[in-house]
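Some notes on the structure that comes next.
The values are calculated or read from the model by the stated rules, or taken from the named source; none is laboratory data. This structure is a prediction, so every number in the text was calculated from the model and none was measured. Here Cβ is always computed from backbone atoms with ideal geometry, including for glycine, and neighbour counts include all displayed protein chains. Accessible surface is based on the protein model in full, side chains and every heavy atom, while ligands, DNA and RNA are left aside. Shrake-Rupley method; radii C 1.70, N 1.55, O 1.52, S 1.80 Å.
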Amino acid sequence: MKNTKYILLLLIAFSINSCSVYNFTGTGKIDAKTFQVNYFQNASELVEPGIDLSFTRKLQDLIQNQTNLNLVNSNGDLMYEGEIVDYRITPMTATADQKAAESRLTIAVMVRFTNKNKEADNFEKRFSFFYDYSGQSQLVGSQLTTALDVIFERITQDIFNESLAKW
């Protein structure tokens, strides 16, 4: 019985004396209460309608889902702004009759992140990712939606990791 008390006391002591705050997103303690995501305009040469608003909302949703920060329209402690700078489709491999066997959609976003409470965290950086698809098909409808979902999920997670998770 005495050993059980000591083991329990030891476990409580270790749990109280942890190294730092931890959560499942890996962000640690964030020194902000609010964030704002300004509209990311599509400044690429090839314009796909609607991807600017879709990207802006994906970034807002990701930050809201992975933190306890409140989304505001102005004067946020953390501010994300930028533009979609590249939307490009390129052939990756060719068939014997000189047709694209596989194509790649690449999207790049320039992001400016500002932390009012900790200016050392501020950055301006380009993030990009791609989606490969069959060169025999057109990138429209559900295939375009899937491609955008894959690309935006990766880019927004990279932005989150760079700005808040510090990975």
Which residues, counting only those in segment 124-167, are open to solvent by 70 Å² or more (accessible area, probe 1.4 Å) and on the phi > 0 side of the Ramachandran plot?
-> K166
All conditions in (1) modelled with pLDDT of 95 or more; (2) part of a loop (DSSP other than H, G, I, E, B); (3) of a type outside the set (G, A, S) are true of D61 except (2)
Test result for S137, more than 16 Å from E162 (Cα to Cα), over 17 Å from the mean Cα position of the chain (by Cα) and not in a loop (DSSP other than H, G, I, E, B) | no
Would it be correct to say that T34 is surrounded by 13 or more Cβ atoms within 10 Å (Cβ to Cβ) and at pLDDT below 95?
-> no
Could you tell me whether D86 is charged (D, E, K, R), at pLDDT 70 or above, part of a helix (DSSP H, G or I) and surrounded by 12 or more Cβ atoms within 10 Å (Cβ to Cβ)?
-> no
Taking the condition modelled with pLDDT of 95 or more, over 16 Å from the mean Cα position of the chain (by Cα) and closer than 15 Å to E48 by Cα, does L144 pass?
-> yes
Working only within segment 105-123, note down all residues that are touching a residue at least 60 places away in the same chain (Cβ under 8 Å) and surrounded by fewer than 17 Cβ atoms within 10 Å (Cβ to Cβ).
-> K116, N117, K118
Residues in segment 64-83 that are part of a helix (DSSP H, G or I) and free of Cβ contacts under 8 Å to residues at least 40 places away in the same chain: how many?
-> 2
Which residues, taken from segment 95-121, are over 18 Å from the mean Cα position of the chain (by Cα), within 30 Å of F35 (Cα to Cα) and among the small types (G, A, S)?
-> A120
